[in-house]
Each structure stands twice: as C-alpha cells, then as structure tokens.
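Take a look at the structure set out below.
The values are calculated or read from the model by the stated rules, or taken from the named source; none is laboratory data. Predicted model, so just to flag it, every value in this text is computed and none were measured. When we count neighbours, we look across all protein chains shown, and the Cβ atoms used for this are built from the backbone with ideal geometry, even at glycine. Surface accessibility is based on the protein's heavy atoms, side chains included, excluding ligands, DNA and RNA. Shrake-Rupley method; radii C 1.70, N 1.55, O 1.52, S 1.80 Å.
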Amino acid sequence: MQVYLSSLGCRLNEAELQTWAQSFQNIGYSLVNQVDNADLAIFNSCAVTSEAARKSRQMIRKFHRINPRARLVVTGCYASLEPQELEKIMGVDLVIDNSDKDILIDRVKDILDVPVMPEFATEPGESPLFSRNRERAFIKIQDGCRYRCTYCIVTVARGEERSRSIDSLIEEINQLHQAGVLEIVLAGVHVGGYGSDIGSSLYQLVETILDKTEIPRIRFASVEPWDLGESFFELFKNPRLMPHMHLPLQSGADSVLKRMSRRCKTETFAELVQEARSHVPNFNVTTDVIVGFPGETDAEFQETLDFVASQPFGHIHIFSYSDRAGTKAARLLNKVTKDIKKERSRSLHQLAATLKCQQLAEQVGTSVEILWESSSQELVNGKHRYFGYTPNYHKVQLDLPAQYSIERKIIATQLVAVSEDNLLVGKISKDTLEHFIKNNRINIQQL
Ligand code: SF4
C-alpha cells in the first residue's frame, strides 16, 4: 500500500505529516513522494487566509486530476472550517477534523477499509525517515490555543489547547536522533501554552529534553511572546538550545495591538528581547508584522516603524492584512485601502532590510557551529556550494572543493563576509578540515 503525504501552511502541519509517516510505516505501508503512484493520499490543508483556503482547494483538485484512483483523505484547518464545502469537491473520500488528527490512521483504516500489513512494518525509529530534509525534524508538542486574537482563524480551526506528554515527546526525539536527525524544531499553535492542560510547562519540557536526550540542536518554531514564564531564557545557557526565537509582534502600536486582542504590549515585547539578549548577547529575534489592520492610521503605522527600528530584528515576515471570514477583525470598519497597504508594506520591507544587514554584519568575524544541510548539484569552479544555519538562525553559504562532502555535519565555521544576496559567507579552516578528515567525519569522494 503506497501512501502519499502532503501539507500546506505551517510547521505544525509538517510535523503532523512526519508522525503519520512513522505510523503508516509501522503498519506496513510505504511512502511515495509523488501522488501519481499512490493508493492513498493524505492532504493536511491550511486556511489561515482566504488565499490559503483557495490554494488548498486547488491542490485537492490537482491530486484527484493526477491520480483519480487514489483514495483521497483531507484534514487540517480547511477541513475543520469548511467540511461541507470539501465534501462537494470531486474525489474527496474522507474529511477528518483537526480534533481527530491523533486517530487519523485508525479512521482511515476503519472507514476506507484499507489493509494492514504488519509483515512489511518498519521498526519504530527505523529509517527511511520522512521529512523534507533529513537532518532536521519538526516535532508537534501541542495543539490549539486559548486566546482569540481578532484576525486569527487558527484558534477557531484548532480548538482548545492540548499538550502531548513529555514521555511521548522524549521517546520520539530519541527515535529521530537514532535515525540520524541532528536538529529538532518544537512546533505548536501556542507553544508557550505547552503543558497548561497537563500541569506542566514549556520550561519543564525543554529542561527534560536537555536532560533525557542527546539531540545536538533544539529550536522553536513560532512562539507567541507571552506565557513563557519567569526564568525561561535561563535555559539558553545550554548551547544545545539554539539562541533564536520567532516572536510575532504583529504591530508596533499598542492601540492596534488592542484591536487585535494581542496579549503583549510593545513595552513588554521590548523587555522580552532585552532579557533574551542579556542571556545570549547575539540572540536573534525574528518576527511577523501585519500592515493595514482595520483602522490603522498613518500615526499608528509610524509608531510601528519607530518601534521596529528600535529592535534588533534579524528578519521580519511582513503580511498585508486581508479579511478572513469567521474572524472578529473581518467585521471591523475602516478597512485600509490596497494602495496604502502596499505603500506601508514597501516602507516596512525597506526598514527590515536595513535591520537585517546590521544583524548580519554583527556576525562577521565570529566562528560558530553550523549544521551543513544541502549542497548545490552543479560545480562552480570545481566547488560545491553548501548551505546551513548558524545557531542563531542566519543562513550561511560555503564553497568547498568537490572531493569533500559535509552534508549533515556540524562543523565549526568562520563567518567571513555577507554576500550580495544577504547570506553569510562561511570558511572552514584548514586545521578543522584536516581534523574532520583524520577522524573520518568528512566523506572524501573519489572524483
Ligand atoms: S495566540 Fe496565535 S494562535 Fe492564538 S489566537 Fe492569537 S494568533 Fe491565533
């Protein structure tokens, strides 16, 4: 039985795909990376914006067009918000709500009556591993959110907070590390809310991961800038916890944050960034900002520019507000025109680029451990170009003679420059290279 798994949207959707992949392999299914030859296709949809919902419908139709023979199962936020719409789309055999994701495999087995083949089962943790790249894995630690930001449909689609047990997470992380994963990304809807329903906390989870696993690098996916707890940033003393957090700000004007029902004012946000950097000086904070939220005045937008300019952001994702049916914000008056949104997005992009250059310049001259991931296939002057990320999540490139392969290696690298397209340029010292070669920790290819 061949299964094709695909998702749209957030890291959480991606992490769920990985968990289902392991479960399907445990019951003897094999994974295919094209829908063409699949017997069963699972699509984890997204509906965070109307555009994402449109793309979800488009992908579902495409899967059925390419392979009408495959049983097609759709889950995710679009399935939870518009199940009736979904059932009308040709080829959809089963719609599974977000709240049933933990029992998706059983539902598929029972309802679609698909066979179970234990004889082909892979041992838990046995490769082949299913993840976009094989050195990093996304781990779903919790689902749902108790808050009601006025523009957010995710809290509607994903329901109340539900945390996975620390034991099950430790077991999964150790299995993934055994299978060769070197970096994990802890993902959820409200990551800071981890443990609220099981008498635990994000602090306790991270502390236990640091204690009961040997995974070299631990990261967070997007984390709302509240509910992190008093001494949260103490944890970053441990070098295995990567000094970067993506903390969505959304606006730099407290009056706009109030209309968004956000739980973090600009002053508190600034204190959080400061506290992070008091523990790790080059701690990198990246963020999201929505421009053109209903009622946003020129003065409020200027407040956003001023506040953003005062923070050391390494990268800013900028979104132009769009109504999402089913949210409170969609019913707010004084919508901002398209042209004004465009103009505000343009000036914020400019500021974001300046801040990014400043952050990158601060990294030059330092030496850090990089997890080298992929490399370019084609040779440039007899060299492959490798890509990886610094611990504080800045992208780095490095050119290396073709006979060396450093994919999926963590190597001390000097950061020597910033490239034209805003990537850091890395250099591995001759000594480090020779040390790695001597200890067979680098593959030498016969050319
Ligand atoms: S905290 Fe995040 S997930 Fe929760 S309602 Fe607000 S934006 Fe949505």
**Fill in**
Over all viewing directions the Cα convex hull of the chain casts an average projected area in nm² of 23.1 nm²
**Asked** Which of the lysines could be linked to LYS101 by a straight reach, that is with a Cα gap under 17 Å, when you skip same-chain ones fewer than 8 residues away?
**Response** LYS109, LYS140
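Give me Rg over Rh for region 146-223, both radii from the alpha carbons and Rh done the Kirkwood way, two decimal places.
1.01
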**Asked** Given charges of +1 on the Cβ of Lys and Arg and -1 on the Cβ of Asp and Glu, with all other atoms neutral, how large is the dipole of region 311-447 about its Cα centre, in debye to the nearest 20?
**Response** 720 debye
**Request:** Take the Cα atoms of region 1-103, find their three principal axes, and give me the spread along each one in whole Å, biggest first.
**Result:** 36, 27, 19
**Request:** Using Cα positions and a limit of under 18 Å, work out the aspartates and glutamates in reach of LYS383, with same-chain residues fewer than 8 apart set aside.
**Result:** GLU373, ASP399, GLU407, GLU434
**Asked** For region 136-358, with the dipole built from +1 on Lys and Arg beta-carbon atoms and -1 on Asp and Glu ones, taken about the Cα centre, which of ALA352, LEU228, PRO239 lies farthest toward the positive end?
**Response** ALA352
**Request:** Please get the size of the charge dipole for region 136-358, origin at its Cα centre, with Cβ charges of +1 on Lys and Arg and -1 on Asp and Glu, quoted in debye to the nearest 20.
**Result:** 760 debye
**Prompt:** In the chain, carbon and sulfur make up what percent of the accessible area (probe 1.4 Å)?
**Reply:** 50 percent
**Request:** Could you work out the local net charge near ASP399, counting Lys and Arg as +1, Asp and Glu as -1, over the other residues with Cβ closer than 10 Å to its Cβ?
**Result:** +3
**Message:** Taking every alpha carbon pair in region 360-432, what does the distance histogram look like in 5 angstrom bins from 0, in percent?
**Reply:** 3, 18, 31, 26, 16, 5, 0
**region 1-92: trypsin sites (Lys or Arg not before Pro) falling in loop per DSSP and having at most 14 other Cβ within 10 Å** = ARG69, LYS88
**Prompt:** Under unit Cβ charges (Lys, Arg +1; Asp, Glu -1), what dipole magnitude, rounded to 20 debye, does region 318-394 have relative to its Cα centre?
**Reply:** 660 debye
**Message:** Compute a Gaussian network model of the chain, connecting alpha carbons closer than 10 Å, and tell me which residue from CYS357, CYS145, CYS77 fluctuates the most.
**Reply:** CYS357
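Report, in listed order, any pair from LYS356/LYS427; LYS265/LYS338; LYS55/LYS258; LYS395/LYS427 with a Cα-Cα distance greater than 23 Å.
LYS265/LYS338; LYS55/LYS258
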**Request:** Jot down the radius of gyration and Dmax of region 209-327, Cα atoms only, both in angstrom.
**Result:** 15.8, 51
**Prompt:** Each label point is 7 Å from the Cα along the Cα-to-Cβ direction; what then is the distance between the points at ASP306 and LYS438, in nm?
**Reply:** 5.9 nm
**Prompt:** List the lysines whose alpha-carbon lies under 18 Å from that of LYS237, not counting same-chain residues fewer than 8 positions away?
**Reply:** LYS212
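Would you mind telling me the antiparallel percentage of the DSSP bridges in the chain, rounded to 5?
Looking only at bridges with both residues in the chain, the antiparallel portion is about 40 percent.
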**Message:** Tell me the relative contact order for the chain as a rounded percent, counting alpha carbon contacts under 8 Å between residues six or more apart.
**Reply:** 10 percent
**Fill in**
Across 5 Å bins beginning at 0, the whole-percent shares of Cα-Cα pair distances in region 304-447 come to 2, 8, 15, 15, 13, 11, 9, 8, 7, 6, 3, 2, 1, 0
**Asked** With the chain treated as a Gaussian network of Cα nodes joined by springs under 10 Å, which of SER367, SER56, SER376 yields the largest mean-square fluctuation?
**Response** SER376
